[in-house]
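K.L.:
Have a look at this one.
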Amino acid sequence: MGNVTWLADALRAEGLRTIEHDGWRTRGHGAFRDIRGVMAHHTAGGTPNDWRVVLEGRPDLPGPLSNLVLEKDGTFRVIAAGVCWHAGRGNWPGWPANNANFHVLGIEAVSSGRPDSQGRYDWTVEQLDAYARGCAVLVVQAGFPVRNVVGHKEYSAEGKIDPAGFDMDVFRAEVGRIVERIRAGIPASDQSVFPLPSGYYFGPLDGPDESISGQHPSEWPLWRAGLRHWQESVGVPVTGAWDEATAVAARAVQQANGWEPTGLIGPGTWAAGLREGLPAQPAPMPPVPAPTLPEPPAPPDGAALPAGWRRFLERGWRSLRDAPRWVLDRMGRR
Ligand SMILES: [Zn+2]
């Protein structure tokens, strides 16, 4: 298998920014036996100099400590094409126990790994976007399954928490979506591509896991950006959340296409909205003038009324306006 000397070219082909550190093609603790996956980490530093530790190592552990470093602005630093010390002890199905380094690529993403007082982590949107796209590039290039995009915290038997703040199932769903896009030859810049993984849709917060409302912290932040694009395209307030105005717009698009008006935005409603915008409102109907009907003659006495008028009054109708059409027809008044 050897060294993964294709790293920089493959990332650049996806449109990701890369910095190649001199000697990366030959740097490493030996050659890979094979490539079975990628492990996602955070540096636990969060500074612009985190990459130096990854390249040079620590007093107790010589570098390189990871193949790639992902900066906060979404730039990948290409550190090493050979084996790196990053996995430690742990297990993952299909990987040798406690010996993943010779089979698994490593990405160290720059983050303190600590939430602020409101529970938010220091990940940037650019970084998360690049993280998922970078992993998708590795999946496509090395040919391992998306289920082998693994968080250190999922593999580790040493209590690792990285990457902190990530729901790895959501992350893998997003990686899988990007893998499909790359395999279809569609560039990341193509905003007409449905921005959610297969089986997901934009819908209410209280829906199932696949219902993306733009309002839950576990949702991938780039999905919200996708919804904003759709809202802008159809001309509803750009909130990034599946709200009432968005649902109304989705129903209008669905009705215009003869689809069930659910208000949920899946791939079809997504594409139709971008393609056609909102359907033109039907012209308002001219107001229908109220029928002018003569009042019935005032009955002098019940007994004097013709039979038809008696029944008319017995039903509680006080004028022809109260009578249904069939009565008027029968009375010859239409
Ligand atoms: Zn780690």
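K.L.:
Condition first: closer than 13 Å to His41 by Cα and either in a loop (DSSP other than H, G, I, E, B) or of a type in the set (A, V, I, L, M, F, W, C) (or both). Now tell me which residues in region 123-142 satisfy that.
P.N.:
Trp123, Leu128, Ala132, Cys135
K.L.:
Additional query: Let me spell it out: the conditions are (1) out of contact with any helix residue (DSSP H, G or I) (no Cβ under 8 Å at 6 or more places or on another chain); (2) of a type in the set (Gly, Ala, Ser); (3) away from the ligand (no atom under 16 Å from the Cβ), and Ser192 meets all of them except one. Which number is the exception?
P.N.:
(1)
K.L.:
For region 91-103, name all the residues that are more than 30 Å from the chain's Cα centre (by Cα) and within 14 Å of the ligand (Cβ to nearest atom).
P.N.:
Result: Ala100, Asn101.
K.L.:
So is Asp22 outside any strand (DSSP E or B), at pLDDT 95 or above, closer than 18 Å to Val149 by Cα and in the same structural domain as Lys160 (by TED's automatic domain parsing) or not? Please lay out each step first, then the result.
P.N.:
Values: outside any strand (DSSP E or B): yes; at pLDDT 95 or above: yes; closer than 18 Å to Val149 by Cα: no; in the same structural domain as Lys160 (by TED's automatic domain parsing): yes.
Against the criterion (outside any strand (DSSP E or B), at pLDDT 95 or above, closer than 18 Å to Val149 by Cα and in the same structural domain as Lys160 (by TED's automatic domain parsing)), Asp22 does not qualify.
K.L.:
Restricting to region 67-90, name every residue that is assigned to a loop (DSSP other than H, G, I, E, B) and either within 15 Å of the ligand (Cβ to nearest atom) or not assigned by TED's automatic domain parsing to the domain that holds Gly134 (or both). Write out each step before concluding.
P.N.:
Filtering region 67-90 down to residues assigned to a loop (DSSP other than H, G, I, E, B) leaves 67, 71-75, 79-89.
Hits for region 67-90 are Asn67, Ile79, Cys84, Trp85, His86, Ala87, Gly88, Arg89.
K.L.:
Right, another one. Condition check: modelled with pLDDT of 95 or more, assigned by TED's automatic domain parsing to the domain that holds Asp162, more than 16 Å from the ligand (Cβ to nearest atom) and closer than 28 Å to Val146 by Cβ. Does Arg52 satisfy that? Break it down into steps so the answer makes sense when it comes.
P.N.:
Details: modelled with pLDDT of 95 or more: yes; assigned by TED's automatic domain parsing to the domain that holds Asp162: yes; more than 16 Å from the ligand (Cβ to nearest atom): yes; closer than 28 Å to Val146 by Cβ: no.
No; evaluated as a whole, the condition is false for this residue.
K.L.:
Still on this structure, I have one more. Regarding region 27-39, can at least one residue be identified that is surrounded by fewer than 17 Cβ atoms within 10 Å (Cβ to Cβ), modelled with pLDDT under 95 and in contact with a strand residue (DSSP E or B) (Cβ under 8 Å, 6 or more places away or on another chain)? Break it down into steps so the answer makes sense when it comes.
P.N.:
Just the residues of region 27-39 that are surrounded by fewer than 17 Cβ atoms within 10 Å (Cβ to Cβ), to begin with: 29-31, 33-34.
Filter once more, so that each one left must be modelled with pLDDT under 95: none.
No, because not a single residue in region 27-39 is surrounded by fewer than 17 Cβ atoms within 10 Å (Cβ to Cβ), modelled with pLDDT under 95 and in contact with a strand residue (DSSP E or B) (Cβ under 8 Å, 6 or more places away or on another chain).
K.L.:
Of Gly165, Gly113, Gly119, which residue is surrounded by fewer than 22 Cβ atoms within 10 Å (Cβ to Cβ), modelled with pLDDT under 95 and either outside the structural domain of Glu14 (by TED's automatic domain parsing) or within 16 Å of the ligand (Cβ to nearest atom) (or both)?
P.N.:
Details: Gly113 fails: modelled with pLDDT under 95; Gly119 fails: either outside the structural domain of Glu14 (by TED's automatic domain parsing) or within 16 Å of the ligand (Cβ to nearest atom) (or both).
Result of the check over Gly165, Gly113, Gly119: Gly165.
K.L.:
Applying the selection to region 145-162, what residues are more than 14 Å from the ligand (Cβ to nearest atom) and part of a helix (DSSP H, G or I)?
P.N.:
Val146, Arg147, Asn148
K.L.:
Against the definition (touching a Ser or Thr at 6+ places or on another chain (Cβ under 8 Å) and small (Gly, Ala, Ser)), how does Gly185 come out, yes or no?
P.N.:
On the way: touching a Ser or Thr at 6+ places or on another chain (Cβ under 8 Å): no; small (Gly, Ala, Ser): yes.
Taking the combined requirement at face value, the residue does not satisfy it.
K.L.:
Any residue at all in region 45-58 that is surrounded by 13 or more Cβ atoms within 10 Å (Cβ to Cβ) and either hydroxyl-bearing (Ser, Thr, Tyr) or under 25 Å from the mean Cα position of the chain (by Cα) (or both)? Spell out how you get there, then give the answer.
P.N.:
Let us first name the residues in region 45-58 that are surrounded by 13 or more Cβ atoms within 10 Å (Cβ to Cβ), namely 45-46, 50-55, 57.
Retained after the next criterion (residues that are either hydroxyl-bearing (Ser, Thr, Tyr) or under 25 Å from the mean Cα position of the chain (by Cα) (or both)): none.
Within region 45-58 (the criterion being surrounded by 13 or more Cβ atoms within 10 Å (Cβ to Cβ) and either hydroxyl-bearing (Ser, Thr, Tyr) or under 25 Å from the mean Cα position of the chain (by Cα) (or both)), the answer is no, since none of the residues qualifies.
K.L.:
So which residues in region 109-122 are more than 24 Å from the chain's Cα centre (by Cα) and either part of a strand (DSSP E or B) or under 30 Å from His29 (Cβ atoms) (or both), if there are any at all? It would help to see each step written out before you state the result.
P.N.:
Looking only at region 109-122, we keep the residues that are more than 24 Å from the chain's Cα centre (by Cα), and these are 112, 114, 116-117.
Of everything in region 109-122, those that are more than 24 Å from the chain's Cα centre (by Cα) and either part of a strand (DSSP E or B) or under 30 Å from His29 (Cβ atoms) (or both) turn out to be Ser112, Arg114.
K.L.:
Restricting to region 69-118, give me the number of residues that are free of Cβ contacts under 8 Å to residues at least 40 places away in the same chain and more than 21 Å from Glu158 (Cα to Cα). Give the steps one after another, and end with the answer.
P.N.:
Kept after step one, since they are free of Cβ contacts under 8 Å to residues at least 40 places away in the same chain, are these residues of region 69-118: 93, 96-97, 99, 116-118.
From what is left, the residues that are more than 21 Å from Glu158 (Cα to Cα) are 116-118.
Result for region 69-118: 3.
K.L.:
How many of the residues making up region 229-244 are on the phi < 0 side of the Ramachandran plot and surrounded by 15 or more Cβ atoms within 10 Å (Cβ to Cβ)?
P.N.:
Pass one, region 229-244, residues on the phi < 0 side of the Ramachandran plot: 229-234, 236-239, 241-244.
Retained after the next criterion (residues that are surrounded by 15 or more Cβ atoms within 10 Å (Cβ to Cβ)): 229-231, 233-234, 236, 239, 241-243.
Result for region 229-244: 10.
K.L.:
Filter region 170-185 for residues that are under 19 Å from Arg120 (Cα atoms) and away from the ligand (no atom under 16 Å from the Cβ) and give the result.
P.N.:
Val170 - this is the single residue of region 170-185 that is under 19 Å from Arg120 (Cα atoms) and away from the ligand (no atom under 16 Å from the Cβ).
K.L.:
Is there a residue in region 133-142 that is within 15 Å of the ligand (Cβ to nearest atom) and buried (at least 20 other Cβ atoms within 10 Å of the Cβ)?
P.N.:
Looking through region 133-142, at least one residue is within 15 Å of the ligand (Cβ to nearest atom) and buried (at least 20 other Cβ atoms within 10 Å of the Cβ).
K.L.:
Now for a separate question. Can you name every residue in region 213-225 that is assigned to a helix (DSSP H, G or I) and farther than 10 Å from Phe202 by Cα?
P.N.:
At the first step, the residues of region 213-225 found to be assigned to a helix (DSSP H, G or I) are 221-225.
If the condition is that a residue be assigned to a helix (DSSP H, G or I) and farther than 10 Å from Phe202 by Cα, then Pro221, Leu222, Ala225 are the ones that fit.
The values are calculated or read from the model by the stated rules, or taken from the named source; none is laboratory data. Here the structure is a predicted model, which is why all the values come from computation and not from measurement. All Cβ positions, even for glycine, are placed from backbone atoms using ideal geometry, and neighbour counts span all protein chains on display.
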